[in-house]
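Notes follow once the structure below has been shown.
The values are calculated or read from the model by the stated rules, or taken from the named source; none is laboratory data. Here the structure is a predicted model, which is why all the values come from computation and not from measurement. Note that each Cβ is placed from the backbone with ideal geometry, even for glycine, and that neighbours are counted across all protein chains shown. SASA here: full protein model, heavy atoms, side chains in, ligands and nucleic acids out. Shrake-Rupley method; radii C 1.70, N 1.55, O 1.52, S 1.80 Å.
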Amino acid sequence: MKFSLKILLWTIIVMALALGFSGFYFVNYVFETSLEREVGQAMDESSILGFAFETAALSVPAKYSVLPDNTVEEIASNLERGGQSTSRLLRISDEEKNVLYTSDGFEMDDELLFQTGENIKTYRIINVGEKYFVHTGTTVNALNRILYLENMKDISEVFTERTMGFSLYRRVTLIMLFAGMLIMQIISSLLTKPVRLLTEGTKRMAAGDYAYRAKQISQDELGQLTKDFNSMAGALEQNIEKLEEEIEAKEEFMGAFAHELKTPLTAIIGYADMLRSHKLDEEKSIMSANYIYTEGKRLETMSLRLLDIIVAGKEEAELQAVPVEPVFAYLEEMFVGSREMEFHFAYEPGTALAEINLIKTVLVNLVDNACKASEDGGRIEISGQALENGYRFAVRDYGIGIPEEELHKITKAFYMVDKSRARSKNGAGLGLALCVEILKIHQSRLEIESKTGEGSCFSFVLAKGGVQE
């Protein structure tokens, strides 16, 4: 059952119970009040009739010392017809409670009569056919006689009003329940609208629409729930996008890796087959062997760098405060004289918080990339600058440069701006990707400045190390 229908159903049940009990109480309260008023009037009328009977008895001639029975009947008859448009229903009994006078239609038992005594007034409510009466009993002291006067007052109208009240209240209750049902249908629909929107949101997100956001239509708890749902949806969308990007990057990585493997392997297999199936002169044999050696070394370098990237991505380096001078001395010894480039070193003394072998790997890759981006004899500048809170390393070349639209891609594995130029110099597009992973371990990042045809500058900053003894 829908939540809105549950709200509607329970509201109708509560309303029905509330209206039922309140209606019963109200109608019954009116009835009891009216009945009590009628009983009071009947008792007052009984007292008045007794007083009137005693007054009438005083007018009996003095020759009678005791009120005769025929006089009793005469007085009772006058009281029955007097003072009202309709006759009263009376019954008068003597001292022995034998009936002396009875009005036509007065058909009661003697139960109340025997309960009535001197100075004791009694009453009861009885049902005769379709009518209701208040049956009262009182004593009358008339001319040395104690008589018992009974009176019946018709109160059927009170019971009729109660019946009509219940009937009217039932109709009013049904109308109110129907109107309440319509109103609560609208209210429950409005109250549960945020829930329906959230349900729609979950269905659309389950179908892949992660950009869907539920509309917040209130500021209450459901509104807060909608807000939290949208926050969750935003975080989920970001995670999905991140996963998709990672999957796409892995697919691109695998495609690029397969392509990078295919190129050197094709050359190796081709030249090896030529050496195996043809008898070549010494020059062609050396050339073929050289191609095989060169492509084999490229495969070796690429596999080692892939391994370095995988290890660097999982490794937690033990950083130490190291002096920078040995790092620059290592680079100078490694590159000067071994490459046909013009190297310039300019660095300030200082210390950096680093794992020295990993930082050497970063700088070797940056210098190697600078050499590949430059023509033979090009200028390569390697510099270091002591900052207030760290140390900045930079490698600048004046080679081909990188187009602005390519800058955000060059740190991806296997990405190369000029693939033919990179492959001609045994490049695999893994150097910068490795640098980025290593710098992440050092809580640093690679900064790139480049213009096409003017060259590039790659730099990074390491945290400042402690004083070395």
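Please specify each residue of the stretch 95-110 satisfying the condition of being touching a Lys or Arg at 6+ places or on another chain (Cβ under 8 Å) and surrounded by 12 or more Cβ atoms within 10 Å (Cβ to Cβ).
The answer is Val99, Tyr101, Thr102, Ser103, Phe106, Met108, Asp110.
Which of the residues belonging to the stretch 77-89 are closer than 26 Å to Val158 by Cβ and not in a loop (DSSP other than H, G, I, E, B)?
Leu79, Glu80, Arg81, Leu89 - these are the residues of the stretch 77-89 that are closer than 26 Å to Val158 by Cβ and not in a loop (DSSP other than H, G, I, E, B).
Exactly one condition in (1) modelled with pLDDT of 85 or more; (2) in a loop (DSSP other than H, G, I, E, B); (3) under 51 Å from the mean Cα position of the chain (by Cα); (4) not β-branched (Val, Ile, Thr) is false for Glu375; which is it?
Unmet for Glu375, out of (1) modelled with pLDDT of 85 or more; (2) in a loop (DSSP other than H, G, I, E, B); (3) under 51 Å from the mean Cα position of the chain (by Cα); (4) not β-branched (Val, Ile, Thr): (3).
In the stretch 313-334, which residue that is part of a helix (DSSP H, G or I) and open to solvent by 70 Å² or more (accessible area, probe 1.4 Å) is modelled with the lowest pLDDT? Outline the logic, then answer.
Looking only at the stretch 313-334, we keep the residues that are part of a helix (DSSP H, G or I), and these are 313-314, 325-334.
Okay, now just the ones that are also open to solvent by 70 Å² or more (accessible area, probe 1.4 Å), so 314, 330, 332-334.
Working: Lys314: 53, Tyr330: 87, Glu332: 90, Glu333: 86, Met334: 81.
In this case the residue turns out to be Lys314.
Taking Thr11 and the conditions (1) farther than 30 Å from Phe133 by Cβ; (2) among the polar types (S, T, N, Q); (3) surrounded by fewer than 16 Cβ atoms within 10 Å (Cβ to Cβ), which numbered condition does it fall short on, given that it satisfies the others?
(3)
Can you tell me how many residues in the stretch 107-123 are outside any strand (DSSP E or B) and at pLDDT below 85?
Adding up the residues that qualify gives 4.
Please find, within the stretch 125-138, the residue that is modelled with the lowest pLDDT out of those that are assigned to a strand (DSSP E or B) and open to solvent by 30 Å² or more (accessible area, probe 1.4 Å).
That would be Val128.
Which residue pairs have Cβ atoms closer than 7 Å, lie 6 or more positions apart in sequence or on different chains, and pair a first residue in the stretch 22-44 that is in contact (Cβ under 8 Å) with a residue 24 or more places away in the chain and surrounded by 13 or more Cβ atoms within 10 Å (Cβ to Cβ) with a second residue that is part of a helix (DSSP H, G or I) and of a type in the set (S, T, N, Q)?
Listed pairs, sorted by first residue: Gly23/Thr173.
From the set of residues in the stretch 201-223 that are loosely packed, with under 13 Cβ neighbours inside 10 Å and in a helix (DSSP H, G or I), which is nearest to the chain's Cα centre (by Cα)?
Of everything passing the filter in the stretch 201-223, Glu221 is nearest to the chain's Cα centre (by Cα).
I'd like to know if the stretch 96-113 contains one or more residues that are within 60 Å of the chain's Cα centre (by Cα) and of a type in the set (Asp, Glu).
Among the residues of the stretch 96-113, not one is within 60 Å of the chain's Cα centre (by Cα) and of a type in the set (Asp, Glu), which makes the answer no.
Specify which of the listed residues (Thr160, Thr138, Thr192) is touching a Ser or Thr at 6+ places or on another chain (Cβ under 9 Å) and more than 30 Å from Asp220 (Cα to Cα). Quick ask: steps written out before the conclusion?
On the way: Thr160 fails: touching a Ser or Thr at 6+ places or on another chain (Cβ under 9 Å); Thr192 fails: more than 30 Å from Asp220 (Cα to Cα).
Unique residue meeting the criteria: Thr138.
Which one is nearest to Ala56 (Cα to Cα) among residues in the stretch 75-89 that are of a type outside the set (Lys, Arg) and open to solvent by 50 Å² or more (accessible area, probe 1.4 Å)? Talk me through it step by step, then tell me what you get.
So in the stretch 75-89, the residues of a type outside the set (Lys, Arg) come out as 75-80, 82-87, 89.
Then keep just the ones that are open to solvent by 50 Å² or more (accessible area, probe 1.4 Å); that gives 78, 83-87.
On the way: Asn78: 10, Gly83: 15, Gln84: 18, Ser85: 21, Thr86: 21, Ser87: 18 Å.
Ranking the candidates gives Asn78 first.
If you take the residues in the stretch 142-151 that are more than 17 Å from Arg37 (Cβ to Cβ) and either open to solvent by less than 60 Å² (accessible area, probe 1.4 Å) or touching a Gly at 6+ places or on another chain (Cβ under 9 Å) (or both), which one is modelled with the lowest pLDDT?
Leu143
Pairs under 9 Å by beta carbon, first residue in a helix (DSSP H, G or I) and at pLDDT below 85 in the stretch 174-189, partner hydroxyl-bearing (Ser, Thr, Tyr) and buried (at least 16 other Cβ atoms within 10 Å of the Cβ), six or more apart or different chains?
Going by the 9 Å Cβ cut-off, the qualifying pairs are Gly180/Thr11; Met181/Thr11; Met184/Thr11; Gln185/Ser4; Ile187/Thr11; Ser188/Ser4; Ser188/Thr11; Ser189/Ser4.
Using beta carbons and a limit of 8 Å, which pairs, at least six apart or on different chains, have the first residue in the stretch 100-124 and over 19 Å from Gly50 (Cα atoms) and the second one hydrophobic (A, V, I, L, M, F, W, C) and surrounded by fewer than 18 Cβ atoms within 10 Å (Cβ to Cβ)?
Close Cβ pairs satisfying both conditions: Glu107/Val128; Met108/Ile126.
Looking at (1) more than 30 Å from Leu177 (Cα to Cα); (2) open to solvent by less than 80 Å² (accessible area, probe 1.4 Å); (3) assigned to a helix (DSSP H, G or I), which one does Ile92 not meet, given that it meets all the others?
It is condition (3) that Ile92 fails.
Answer with yes or no whether Leu439 is modelled with pLDDT of 75 or more, outside any strand (DSSP E or B), touching a helix residue (DSSP H, G or I) at 6+ places or on another chain (Cβ under 9 Å) and more than 22 Å from Tyr398 (Cβ to Cβ).
yes
If you go through the stretch 335-363, how many residues are within 21 Å of Gly399 (Cβ to Cβ), aliphatic (A, V, I, L, M) and buried (at least 17 other Cβ atoms within 10 Å of the Cβ)? It would help to see each step written out before you state the result.
Within the stretch 335-363, the first condition is being within 21 Å of Gly399 (Cβ to Cβ), and the residues that meet it are 335-346, 362-363.
Narrowing further to those that are aliphatic (A, V, I, L, M): 336, 341, 346, 362-363.
Applying the additional criterion that residues be buried (at least 17 other Cβ atoms within 10 Å of the Cβ) yields 341, 362-363.
Total meeting the criteria: 3.
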